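Visitor: Can you read through this structure? Questions will come right after.
The values are calculated or read from the model by the stated rules, or taken from the named source; none is laboratory data. Fair warning: this is a prediction, and the values are worked out from it, not measured in the lab. Quick reminder, even Gly has a Cβ in these numbers, built from the backbone with ideal geometry, and neighbours come from all protein chains shown. To get the accessible areas, we keep the full protein, side chains included, count just its heavy atoms, and leave off ligands, DNA and RNA. Shrake-Rupley method; radii C 1.70, N 1.55, O 1.52, S 1.80 Å.
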Amino acid sequence: MRRPTETVRDPSAATGSTPKLSIQDVSKTFESSRGSVQALTATDLDVQEGEFVTIVGPSGCGKSTLLMIASGLETPSSGRVLIDDDPAGPPGPRRSVVFQQFALFPHMTAEQNIGFGLRMRGGLTRARKQELVAAQVETMRLTGFEKAYPSELSGGMQQRVAIARALVLDPEILLMDEPFGALDAQTRTAMQDEMAAMRSRLNCTILFVTHSVEEAVFLGDRIVVMSARPGRISHELSVSSDFEWKRHQIEHAMSERSFNELREEVWRHLHAGGTRRAVHDAPDGGHDDAPDDAPGGG
Amino acid sequence: MTGRRTAAIGAVSVLVAIGVWYLATERLELVSPLALPSPVAVADRLVALHDTAYLGETIWGHTLASIQVMFAGWLLAGVVGVPLGVAMAWSTPVRRLVYPTFQLLRSISPIAWIPLAIIWLGIASSARIFIVFIAAVVPWVVSSMDGVTGVNPLLIKAARTLGAGRRTMTDVVLPASLPSLLAGARIAMGNAWTAIIAAELLAATAGLGFVALNSSRTLDTPTLLAAMAVIGLLGMLLSYALQWLSAVLAPWARKA
Amino acid sequence: MTAPEAATVARTGSLTPARATARNAQWAAASVALFVALWWLASAWTTEGLVPNPWEVAQTFWELCTTPFAELTLPGHVLSSLSRWGVGFAWAAVLGVLLGLSLGAFATVRAAVTPIFEFLRYIPPFAWIPLAVLWLGAAQSSAALIVFIAAFPPVVISTQVGVAGVDPALLRAARSLGAGRLRTITQIVAPVSVPEIFTGIRIAVSNGWMALIAAELISGTEGVGFLIIQGQESNNVTIVMAGMVAIGITGAVVTGAVNLLGTRLTRWRKTSETAN
């Protein structure tokens, strides 16, 4: 059985070619002294080459767990992860991760943070490494801040360093775990626009976890909706690239009718899972996981 | 790793350490018993000292001697140190006049006061109380000062608007600085225990440090190690006792 | 001592930093002057020779700097003490950081070492002096061993605390960027723990210095501790006090040097502290 029965399979995702990233029958159970908690029930997800998939869901739905399993940082309790039909193995430069709280190394400058993965990889000349780092500094608009420590950078800048650090390795798959969750509202909007613009330049497959429905709709080619207790994929829907607002800024997009229809559809699915969540509210507080605005009339 | 596994590894590790010590001394005789006697010899001596006098006292008598002097010095340091620390925190003129000198004097190791104590007070217990006092007074002062300056100013304002007046100090500031004070008391106790041992090595006629020094001079290593073991165990007990006391007195500040 | 300093800064907040520093220096001078005055009174009111006055101590201090007492001049004794302190402290710092890192990084090592370490660290370093003398004689190395015993535990404990406090997200990031276990420890865990490690190093500096003085008092053949115990044996309070002044100054200078090194090594962190 490859998928829970209540899931509606979106036909557009079921193309015939080999998926770039294939998550098969993956589940995760955490053992603790007070017993075991199932964070994720058996889940399948295929991501095609070059696709931008956003995963949206409430606190405790296992979306970050799913991403960590996809990155190889977390081992699944069952199931497997394939890249180009081969077992993905341990974390490596083919998959880069951008973390929730940036996870910049505090004792390294922006430049040193960006170059870290290159230094770990080896086999590159010093000049080549510098060149690659410099190119990232330029595209991420960090010029002038190369020698700054993370503590001296604003949240938005820190985030750009974190993205540059992931992209400098030229990954095939980019895994982003609520990358904009720690930013203030204005910076966040700016970064969302920047991400959308960057997307066309990047030739990589992106899996992007968020708790913001707007972000998921605006950025994703396909939206995966997850629900909690137990964590599972409850719905998938695709976003046509024909929408005009895909090429606008998020502020403009949000006033478009088609955007809002999609947004409401996602909310409806979230809400269907959310009625349960209201009863078993997440014990971990989930300050950065909870949807930030309530569904209008739902 | 589960707690049970940690405990098991810990137990095995302690047993292995004692086993190696035993094999190296008692069985293989790799080291001279003068340098390191076997654990059996140390345990035997410890049991013997329980009712046989050594230098005039049993091990209990020496322990009591050390603890009495240590407590006297520690308490005296608290009685002097806490009011001084609170005064420095509360009053700007006092702080400005006392604090620089306090900083200057504390840079002299408490141990360096021992010769002076011997000249001034001889090898009576007052000399040792003096040394313990010097070692313990610093944490008492620092923690009470930090405790009071660390009290949220909003709490003091709140107390004033609620009409606390002169009772702000006793009813709000002191309780709020209690966790810091207790942490200081614990450090002071550790310092006091360390200092009493050092003082007894130089100026004493009884006590565990006195036993340690004299046994080493007569090359009686089993007694030396027995004394060290008692010193370690007591240090540990005192530390745990004060931790427990802190938890009882200031249960709202578990991780202070 | 940050809290009272912070309070002072807060109270003189309206002044410029330079003027605030000048005012603090004036008060410090007043404080020391008051202390010296009280000391003078004490020496005047006590039996001759029991409390020498500050001037006598200063004179003796100067004489000791040029004329040898107990075979060396005062700077000679200080250097002799410092060399033993340096050996013991260096071993404690290096081995302490290594043990602390392994305790923090490997649960099995932690489980095996903690019970033994926890017991041994409750034995004050001074209690080891008789044993060290028995093992190594009254030589230089027994004093260095005592410094090591005094300085080692704070380094181990603070390193372990530092390692435990490293944000797990950094470890994941390092791993996803291709760093292996060893490189994660050397390039991420160790440098990120440096501020914590330095907290322990600072304690180790003063613990080691204090233990060295004790060792020299009991079994020294040279050094400042030996100097003051010789002063006591010849019943010369002035020499004892001059030696104590030297101990205080040396301790303060060494602590200051280590603090300076600590600030330099953790520059990346300082900015974030002031910013937050």
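Visitor: Evaluate 2.2 N^0.38 Å with N set to the residue count of the range B:143-256, then give the Cα radius of gyration divided by it.
Guide: Values: Rg = 20.7 Å, N = 114, 2.2 N^0.38 = 13.3 Å.
It is 1.55.
Visitor: Ok, one more. Grab the eigenvalues of the alpha-carbon gyration tensor for chain C, scale each by 5, take roots, and send me the semi-axes largest first in whole angstrom.
Guide: 40, 29, 14
Visitor: Right, another one. Take the solvent-accessible surface of the protein heavy atoms, probe 1.4 Å, and return the percent of it on chain C that carbon and sulfur atoms account for.
Guide: Working: 8560 of 12860 Å².
Using a 1.4 Å probe with all protein chains present, chain C comes out at 67 percent carbon and sulfur.
Visitor: Moving on to the next point. As an exercise, use a Förster radius of 51 Å and the Cβ-Cβ distance of residue C:264 and residue B:5 to find the FRET efficiency, rounded to the nearest 0.05.
Guide: Values: r = 41 Å, r/R0 = 0.81.
Approximately 0.80, to the nearest 0.05.
Visitor: Could you let me know the centre-to-centre spacing of the range B:204-223 and the range A:136-199, using Cα atoms, in angstrom?
Guide: Answer, in whole Å: 67.
Visitor: On average, how much accessible surface per residue is there in the protein assembly as shown, in Å², for a 1.4 Å probe, leaving out ligands, DNA and RNA? Write down the numbers at each step before the final one.
Guide: Working: 38200 Å² over 830 residues.
Counting only protein heavy atoms, the per-residue value for the protein assembly as shown is 46 Å².
Visitor: I've got another one for you. So how much accessible surface do C and B hide from each other in total, probe 1.4 Å, in square angstrom to the nearest 100?
Guide: Working: alone 16360 and 14630 Å², together 26050 Å².
The summed interface area works out to 4900 Å².
Visitor: May I pose another question? Sort the range C:1-158 into rounded, prolate or oblate with this rule: let a ≥ b ≥ c be the square roots of the eigenvalues of the Cα gyration tensor; rounded if a/c is under 1.5, and if a/c is not under 1.5, prolate when a/b is larger than b/c, oblate otherwise. Don't skip to the end; give the middle numbers.
Guide: On the way: a/c = 2.59, a/b = 1.33, b/c = 1.95.
Here the range C:1-158 falls in the oblate category.
Visitor: Got a sec? Charge dipole of the range C:10-145, +1 on Cβ for Lys and Arg, -1 for Asp and Glu; which of C:29, C:98, C:52 is way out at the positive end?
Guide: The one lying farthest along the dipole's positive direction is C:98.
Visitor: Can you give the Rg to Rh ratio for the range B:37-249, taking only C-alpha atoms and Rh from Kirkwood?
Guide: Details: Rg = 20.6 Å, Rh = 18.9 Å.
Using only Cα positions, Rg/Rh for the range B:37-249 is 1.09.
Visitor: Here's something else I'd like to know. Nearest 20 debye, what's the magnitude of the dipole of the range C:52-275 about its Cα centre given +1 on Lys and Arg Cβ and -1 on Asp and Glu Cβ?
Guide: Details: 12 positive and 10 negative charges, 276 e Å.
With only Lys, Arg, Asp and Glu charged at Cβ, the dipole is about 1320 debye.
Visitor: Another question, if that's okay. How much of the accessible area of the range B:104-256, probe 1.4 Å, is carbon plus sulfur, in whole percent?
Guide: 67 percent
Visitor: Quick check for me: using +1 on Lys/Arg Cβ and -1 on Asp/Glu Cβ, what's the dipole size of the range A:5-145 about its Cα centre, in debye to the nearest 20? Write out the running numbers ahead of the final one.
Guide: Numbers: 14 positive and 15 negative charges, 134 e Å.
Computed about the Cα centre, the dipole is about 640 debye.
Visitor: What are the residues of the range C:200-240 that lose 40 Å² or more of accessible area, with a 1.4 Å probe, going from their chain alone to all protein chains?
Guide: SASA drop of 40 Å² or more in the range C:200-240: C:210, C:217, C:218, C:232.
Visitor: If you don't mind, there's one more thing I want to ask. Relative to the compact-globule scaling 2.2 N^0.38 Å, provide the ratio for the alpha-carbon radius of gyration of chain A. List each step's numbers first, then the result.
Guide: Values: Rg = 19.0 Å, N = 298, 2.2 N^0.38 = 19.2 Å.
So chain A has a normalised radius of gyration of 0.99.
Visitor: Here's something else I'd like to know. By how many degrees, between 0 and 90 and to the nearest 10, does the Cα long axis of helix C:237-265 differ from the longest principal axis of chain C?
Guide: 20 degrees
Visitor: Here is a further query. Threshold 20 Å², probe 1.4 Å: give the residues of the range B:104-138, in number order, that are less accessible with all protein chains present than with their chain alone.
Guide: The answer is B:104, B:105, B:107, B:108, B:109, B:111, B:112, B:115, B:116, B:118, B:119, B:120.
Visitor: Another one. Among A:73, A:266, A:223, which residue has its Cα furthest toward the positive end of the charge dipole of chain A, with +1 on Lys/Arg Cβ and -1 on Asp/Glu Cβ?
Guide: A:73
Visitor: Restricting attention to the range A:109-147, which trypsin sites (Lys or Arg not before Pro) occupy a DSSP loop and are surrounded by at most 11 other Cβ atoms within 10 Å?
Guide: Details: sites: A:119, A:121, A:126, A:128, A:129, A:141, A:147; in loops: A:141, A:147.
The qualifying sites are A:147.
Visitor: Using unit Cβ charges (K, R positive; D, E negative) and no other charged atoms, how large, in debye to the nearest 20, is the dipole of the protein assembly as shown about its Cα centre? Please report the intermediate quantities before stating the final value.
Guide: Numbers: 63 positive and 62 negative charges, 129 e Å.
Around 620 debye, computed over the protein assembly as shown.
Visitor: Just to be sure I follow: if Rg is taken over the C-alpha atoms of the protein assembly as shown and Rh is the Kirkwood radius over the same atoms, what is Rg/Rh?
Guide: Ratio value, two decimals: 1.06.
Visitor: Also, quick follow-up: Relative contact order for chain C: what percent, with Cα pairs under 8 Å and sequence separation of 6 or more?
Guide: Averaging sequence separation for qualifying contacts and normalising by length gives 22 percent for chain C.
Visitor: Classify the range C:132-224 as rounded, prolate or oblate from the Cα gyration tensor: take a ≥ b ≥ c as the square roots of its eigenvalues, call it rounded if a/c is under 1.5, otherwise prolate when a/b beats b/c and oblate if not. Before the final figure, lay out each step's value.
Guide: Details: a/c = 4.76, a/b = 3.07, b/c = 1.55.
Prolate.
Visitor: Below 19 Å, Cα to Cα, which aspartates and glutamates can residue A:28 reach? Residues fewer than 8 away in the same chain don't count.
Guide: Qualifying aspartates and glutamates at Cα under 19 Å: A:44, A:46, A:74, A:177, A:284, A:289.
Visitor: Also: Based on the mean of other beta carbon atoms within 10 Å per residue, what is the order of A:202-213, C:252-263, most packed first?
Guide: On the way: A:202-213: 21.7, C:252-263: 13.9.
In descending order of packing, they fall as A:202-213, C:252-263.
Visitor: Note the full-extension length gain between residue C:50 and residue C:94 as 0.36 nm times their separation in residues minus their Cα-Cα distance, in nm to one decimal. Show your work: numbers first, answer last.
Guide: Working: separation 44, 0.36 × 44 = 15.84 nm, distance 4.40 nm.
Between residue C:50 and residue C:94, full extension yields 11.4 nm more.
Visitor: Pairs A:147/A:246; A:20/A:63; A:20/A:246: which exceed 27 Å Cα-Cα? If you can, show how the numbers build up before the last one.
Guide: Values: A:147/A:246 35 Å; A:20/A:63 19 Å; A:20/A:246 23 Å.
The answer is A:147/A:246.
Visitor: Treat each spin label as a single point 7 Å out from the Cα along the C-beta direction, and report the residue C:141 to residue A:201 distance in nm.
Guide: So the label points at residue C:141 and residue A:201 sit 6.4 nm apart.
Visitor: Using 1/(1 + (r/R0)^6) with R0 = 30 angstrom and r between the beta carbons of residue B:23 and residue B:48, what's the FRET efficiency to the nearest 0.05? Don't jump to the answer; show the numbers that get you there.
Guide: Working: r = 24 Å, r/R0 = 0.79.
Taking R0 as 30 Å, the efficiency between residue B:23 and residue B:48 is 0.80.
Visitor: Calculate the spin-label point distance for residue B:158 paired with residue B:68, positioning each point 7 Å from the Cα along the beta-carbon direction, and give it in nanometres.
Guide: Taking the two extended label points, one gets 4.7 nm.
Visitor: Provide the FRET efficiency to the nearest 0.05 for the residue B:166-residue B:92 pair, computing r from the beta carbons and using R0 = 25 Å. It would help to have the intermediate numbers written out before the result.
Guide: Numbers: r = 19 Å, r/R0 = 0.75.
E between residue B:166 and residue B:92, to the nearest 0.05, is 0.85.
Visitor: Find which of C:120, C:225, C:74 sits farthest along the positive direction of the dipole of the range C:52-275, computed with +1 on the beta-carbon of Lys and Arg, -1 on that of Asp and Glu, about the Cα centre.
Guide: Sorting the options by dipole projection puts first C:120.
Visitor: If you take the accessible area of A alone plus C alone and subtract the pair, what total do you get in square angstrom, rounded to 100, with a 1.4 Å probe?
Guide: The summed interface area works out to 2000 Å².
Visitor: Using helices alone, I'd like the mean residue ellipticity at 222 nm for chain A: each DSSP H run of four-plus residues gives -39500 (n - 2.57), total over residue count, nearest 500.
Guide: Details: 8 runs with 99 residues, N = 298.
Helix contribution divided over all residues of chain A: -10500 deg cm²/dmol.
Visitor: Please average, across the residues of C:105-111, the number of beta carbons from any other chain that are within 10 Å of each residue's own beta carbon, and give a whole number. Please report the intermediate quantities before stating the final value.
Guide: Numbers: counts 0, 0, 4, 5, 2, 4, 11.
Partner Cβ neighbours, averaged per residue: 4.
Visitor: Counting only helical runs of four or more DSSP H residues, what would the 222 nm mean residue ellipticity of chain C come to if each run contributes -39,500 (n - 2.57) and the total is spread over all its residues?
Guide: Working: 12 runs with 214 residues, N = 276.
Result for chain C, helices only: -26000 deg cm²/dmol.
Visitor: From the square roots a ≥ b ≥ c of the eigenvalues of the alpha-carbon gyration tensor of the range A:7-115, which class results: rounded (a/c under 1.5), prolate (a/b over b/c), or oblate?
Guide: It comes out oblate by the Cα gyration axes.
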